[in-house]
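In what follows, a structure is listed as structure tokens, so that the remarks can point back to it.
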Amino acid sequence: MGKFVYKSEESMQQMHTFYDKALASLHVETDAFYIQTSFGKTHIVIVGDTNKKPLFTLHGGNGISPLNIRLFLPLLDEYYIIAPDVIGMPGKSEPYRNLSPKKDDYANWICEILDALKIDNIMFVVSSYSAAMMLSLATVHPERITKAALLVPSGIARGPLLPIMWSMSIPFMKYYFRPSEKALQGIMDTMVSEGDALWCEFLDLMMSSYKMEMRPPKFFRKEELTRFTAPLLIIASSEDVFFPDVAVFSKADKMFAGEITKMNIPGKHLPAPQTMADVCKAIVDWDDK
């Protein structure tokens, strides 16, 4: 067992209660169940009409599936969504940190999920930290990915380290030593283009009840991805302090052997709802080509 990721059993139950609330707020048909993997129990949510095309998504670092699904809800017009909770993060999967970003753990864990669901290959839609999880799969079993849309992706290139540390460490320290609405808003202002009550509630709960994953995502080299030729849609913003568009697009051109489509969006690391509506439309149009 790795590190228990909550501050207490009560904290875990509080997060699970919020998870259920966030999932219910989507007002869509859902099916949730567990599978056993070699890394631990994995909770999976399937959303939408399973007669439509499937896509596979993973939430970002220290996130949860309901809020990730919320970003991509417009895609339910064309797809149904398979969304596992990442082990060792604040969802309903194994609450122990059993996956290492430095090894092939994410790749092997995703393969076990696909095998359990009897899926040979599938389209991925990932964002932030989960882009590096998918790229881990691309290095080991690239044939499992038919194509992929990467939103503000990790794993390719990051912004300058000093601005990242400066913009995150001060708001987080203020909240850690003196939690308040103002301190929480400081965190929101760094990451979120257009926050709302649900995101505020999640960040407050995440900061107060959960031990954050602080290990950075892996950044991949061209040599590791030579067998990965699936088409990519890469979506990034110049306002994202973590993975800005210029750095990501420039490195992507050198890293990937397959066809790359690029989309620049406004906003911070977490895009606004209208931007996400545009992103979802772009994903559908790109997939239809």
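Coordinate-derived values only; no laboratory data. Keep in mind it's a predicted model, so treat the numbers as computed, not measured. Neighbour counts are summed over all protein chains in view; Cβ atoms, including those assigned to glycine, are modelled from backbone coordinates with ideal geometry.
Using a Gaussian network model of the chain with C-alpha springs under 10 Å, which one of Pro153, Pro163, Pro171 is most mobile by mean-square fluctuation? The residue that fluctuates most here is Pro163.
For the stretch 112-180, which trypsin sites (Lys or Arg not before Pro) are both in a DSSP coil and crowded by at most 15 other Cβ atoms within 10 Å?
In loop regions of the stretch 112-180 (DSSP not H, G, I, E or B), the sparsely surrounded trypsin sites (Lys or Arg not before Pro) are Lys118.
The alpha carbons of the stretch 1-106 stretch over 39, 31, 21 Å along the principal axes, in descending order. Between Glu94, Glu223, Glu78, the GNM of the chain built on Cα springs shorter than 10 angstrom shows Glu223 fluctuating the most.
So which GluC sites (Glu not before Pro) in the stretch 176-208 are both in a DSSP loop and have at most 16 other Cβ atoms within 10 Å of their Cβ?
In loop regions of the stretch 176-208 (DSSP not H, G, I, E or B), the sparsely surrounded GluC sites (Glu not before Pro) are Glu194.
Working note: Karplus 6.51/-1.76/1.60 with θ = phi - 60° gives the stretch 258-275 the couplings x, 6, 10, 10, 10, 9, 9, 10, x, x, 8, 4, 9, x, 6, x, 5, 5 Hz, where Gly and Pro are set to x. An ellipsoid equivalent to the stretch 184-225, defined through the eigenvalues of its Cα gyration tensor, has semi-axes of 29, 15, 8 Å when rounded to whole angstrom and sorted largest first. Dipole check for the stretch 189-275: with +1 at the C-beta of Lys and Arg, -1 at the C-beta of Asp and Glu, and the Cα centre as origin, the magnitude is about 600 Debye.
Which translational diffusion coefficient, to the nearest whole µm²/s, is obtained for the stretch 202-260 from the Stokes-Einstein equation, given a Kirkwood hydrodynamic radius over C-alpha pairs, 37 °C and 0.692 mPa s? The partial results should precede the final answer.
Working: Rh = 14.0 Å.
Answer, rounded: 235 µm²/s.
Each of Phe4, Pro84, His269 was scored by the projection of its Cα onto the charge dipole of the chain, and the greatest displacement toward the positive side belongs to Phe4; charges sit on the C-beta of Lys, Arg, Asp and Glu.
Classify the stretch 79-133 from the C-alpha gyration tensor, please: rounded if a/c falls under 1.5, else prolate or oblate depending on whether a/b exceeds b/c. List each step's numbers first, then the result.
Values: a/c = 1.44, a/b = 1.41, b/c = 1.02.
It comes out rounded by the Cα gyration axes.
For the stretch 136-147, putting each phi into the Karplus relation 6.51 cos²θ - 1.76 cosθ + 1.60 with θ = phi - 60° gives couplings of 4, 4, 5, 7, 9, 9, x, 5, 7, 10, 7, 6 Hz, in residue order, rounded to whole numbers and with x for Gly and Pro. Hey, which of these cross-link pairs are over 19 Å Cα-Cα: Lys53/Lys251; Lys222/Lys251; Lys103/Lys254; Lys41/Lys92; Lys21/Lys41? Table pairs above 19 Å Cα-Cα are Lys53/Lys251; Lys103/Lys254; Lys21/Lys41. For the stretch 72-78, the Karplus equation 6.51 cos²θ - 1.76 cosθ + 1.60, evaluated at θ = phi - 60°, returns couplings of 9, 3, x, 5, 5, 5, 10 Hz by residue, with Gly and Pro reported as x.
Quick check on the stretch 47-146: what are the equivalent-ellipsoid semi-axes from the Cα gyration tensor, as sqrt(5λ), descending, whole Å? Don't skip to the answer; put the middle values down first.
Values: eigenvalues 83, 55, 27 Å².
Each semi-axis is √(5λ); the values are 20, 17, 12 Å.
Calculated mean residue ellipticity at 222 nm for the chain: -12500 deg cm²/dmol, from DSSP H runs with n ≥ 4 weighted as -39500 (n - 2.57), summed, divided by the residue count and rounded to 500.
Our Cα-only numbers for the chain put the radius of gyration and Dmax at 17.8, 51 Å.
Entry note, the chain: relative contact order of 19 percent, from Cα contacts under 8 Å with a spacing of 6+ residues.
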